[in-house]
1. Restricting to lysines 8 or more places apart or on different chains, can you count the pairs in the protein assembly as shown with Cα atoms under 20 Å from each other?
2. How do A:HIS115, B:HIS109 line up, fewest other C-beta atoms within 10 Å first?
3. Rg/Rh for chain B to two decimals, with Rh computed the Kirkwood way over all alpha-carbon pairs.
4. By count of other Cβ within 10 Å, fewest leading, how are B:VAL66, A:VAL46 ordered?
5. Let me have the relative contact order for chain B, percent, based on Cα pairs under 8 Å that are six or more residues apart.
6. What area, in nm² and to one decimal, does the C-alpha convex hull of segment A:1-71 cast on average over all directions?
7. Report, in whole Å, the centroid distance computed from the Cα atoms of segment B:54-71 and segment A:30-66.
8. Quick one: check the C-alpha center-to-center distance for segment A:80-102 versus segment B:14-52, whole angstrom.
Amino acid sequence: MVLLLFMLATGIAIVRLRDLFAVVMLTGIFSLLGAAIYVVMDAVDVAFTEAAVGAGVSTVLMLGTLALTTSKEKIPSVSFSWAGMLLVVVTGGVLIYGTLDMPAYGDKDAPINQHVVPRYLEKSGEEIDLPNVVTSVLASYRGYDTLGETFVIFTAAIGVLAIIGRRRRKKYASSDVGGKNGSDKPAKEGLS
Amino acid sequence: MKPEMQQKVILRVVSKFLIPFILLFALYVQWHGDFGPGGGFQAGVILAAAFILYGLIFGVQKLRRVVPAWVTRSCLSLGVLTYAGVGVATLLMGGNFLDYNVLSHVPTHGQHLGILLVEIGVGVTVASAMITIFVAFAGQDR
């Protein structure tokens, strides 16, 4: 509960602040608080990932982005509008209404605790024989999902290379080619 | 990234001291994921964090000398190929796709082997993806 309050305060601060350097630091703290909540909920593997990715690597990547762009947010020219506020409140209300149907955290009558979880907990000892059930679920029972996730990460890196890596190469290529062969080739590259 | 970062003696010494331990911890998380929290994904991120720290302190050029572009790019696909290759291997050995039981005579040993290989694939891909993205962002000088 205290952690959730801290997360709320951090979230409000992120929205209010205009200094993007502080915002990036606060998102790191936000992820760290999230990791602490996962630890409280006994999801250590998820907490591990959240602390390493959310608080660690993504903060560094955001700082790298700030170094490329600017660290001050522009003040928007649009003033406060009641229609927008109404839309946000209604959407939020609908989302919260949607969660009312969901079983409470740790409810033993929840559908997932009726079929899948007992099956994994009882059988993974004989079938996989690993002490960490999370690993056996991730890598063996749900091996397809994890394969898909690996492809997502692969695609993300390829996408970043295609968007940012290319511009850099073109710059080098045009300066190299321009020095040797004149201005013929860079124009062709621009077209293709 | 920033030339003044390379002048800071404390950062240089402390990061040089820390990087071996971060690498060791990444390997521990990779191989110990079967027994405790962790696994390929987390290990990959921690491994990448060691390289990113090196790149932050000593500059991207030096990081690229440690891990050239062709290394991260080929490891990026190598990891996915390892994962999918395990699936194809189980197909060829008469099982379903990613059915590790057929990898060894004892089904649980096959499971252990399959999970180990798959986690290595995930770790390799994640680590090289993170390094690639970091270098793509930090390597440009506006």
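Please treat every number below as a calculation from the coordinates, not as lab data. This structure is a prediction, so every number in the text was calculated from the model and none was measured. Positions of Cβ are generated from backbone atoms using ideal geometry, with glycine treated the same way; all protein chains shown enter the neighbour counts.
1. 14
2. A:HIS115, B:HIS109
3. Reported Rg/Rh (Cα atoms, Kirkwood Rh): 1.10.
4. Ascending number of Cβ neighbours within 10 Å: B:VAL66, A:VAL46.
5. The value is 28 percent.
6. 4.4 nm²
7. Segment B:54-71 and segment A:30-66 have Cα centres spaced 25 Å from each other.
8. 42 Å
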